[in-house]
1. With r as the distance between the Cβ atoms of A72 and E111 and R0 = 25 Å, compute the FRET efficiency 1/(1 + (r/R0)^6) and round to 0.05.
2. If I model a spin label at R39 and A53 as a point 7 Å from the Cα along the Cα→Cβ vector, what separation in nanometres do I get?
3. Could you pull the Cα extents of region 41-82 along its three principal axes, largest to smallest, in whole Å?
4. Given 0.36 nm per residue, what is the gain on full extension from E156 to D97 after removing their alpha carbon distance, in nm?
5. In nm, to one decimal, how far is the modelled label at R186 from the one at L84, with both set 7 Å along Cα→Cβ?
6. Between L118 and T61, what length comes free when the chain is fully extended (0.36 nm per residue of separation minus the Cα-Cα distance, one decimal in nm)?
7. Would you calculate the convex hull of the Cα atoms in region 29-153 and tell me its volume per residue in Å³?
Amino acid sequence: MKGLHMKKLLTLLALVAGLAPQLVLAASNGWYQLDATWRDGHFSGHFLYDSSAVNHVLEVTGTLTDLAQITAINQVVNPEDPQLESWIFFGNTNLADPGGHDAGFYLYLLEQGGTLKLDTTASNSLYDWSHDFAYYHPGQLDESPLQSYTITAVPEPSMALLLLTGLALSCASAWARRLRERAWRRPGN
């Protein structure tokens with residue numbers, strides 16, 4: 001009986017060990033939660049990262065709150081030559097200036113060991129040109145410096161469902177095994 005439990009435990013450990021490399025490799029692509037604070041504002045939202053794409057960030061959605069306004073950030077502006085530049089600009093859609101933006105921020109993303117970080121030696125600055133004072137008072141909303149940030153991977157729903165399904169099946173199997181063992185131990189069996 002102990003050998004059977006040990007065999008099942010080893011099988012479960014082998015399954016987890018087999019999934020671990022896939023989870024680590026998959027962490028670099030997908031949706032990420034970004035919370036960033038600058039001297040004059042804060043952003044909270046998500047962006048879609050794909051390391052195989054030319055410019056790496058494909059979509060963004062979130063809210064930028066700064067001294068001038070609250071802005072829906074929904075536009076990704078990538079450099080024309082990503083080989084020479086590593087910045088990405090996250091901005092809003094400005095209906096008065098199609099294709100333009102009046103608020104946003106630059107990020108210099110680095111991929112390190114399957115996780116995303118910011119190059120803190122670069123200028124990951126906040127800008128808001130929606131009001132005239134932003135143009136004429138440098139240091140106010142023109143290059144507001146980054147103070148802190150967190151970037152965390154958002155789990156894929158299918159992966160979470162797969163892991164929960166496996167856990168539920170393991171629990172159901174253990175419960176069924178206990179029922180069979182109790183039935184087998186009853187007198188008359």
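What follows is calculated from the coordinates using simple rules that are stated; it is not laboratory data. Not measured: the values here are computed from a predicted model. A quick note on method: Cβ atoms are made from the backbone with ideal geometry, for glycine too, and the neighbour counts reach across all protein chains shown.
1. Numbers: r = 27 Å, r/R0 = 1.08.
Computed FRET efficiency for E111 and A72 comes out at 0.40.
2. Placing both labels 7 Å beyond Cα along the Cβ direction yields 3.2 nm.
3. 35, 19, 13
4. Gain on stretching E156 to D97: 17.7 nm.
5. About 8.1 nm separates the two model spin labels.
6. Separation in residues times 0.36 nm, less the Cα-Cα distance, equals 18.7 nm.
7. Cα convex hull per residue, to the nearest whole number: 105 Å³.
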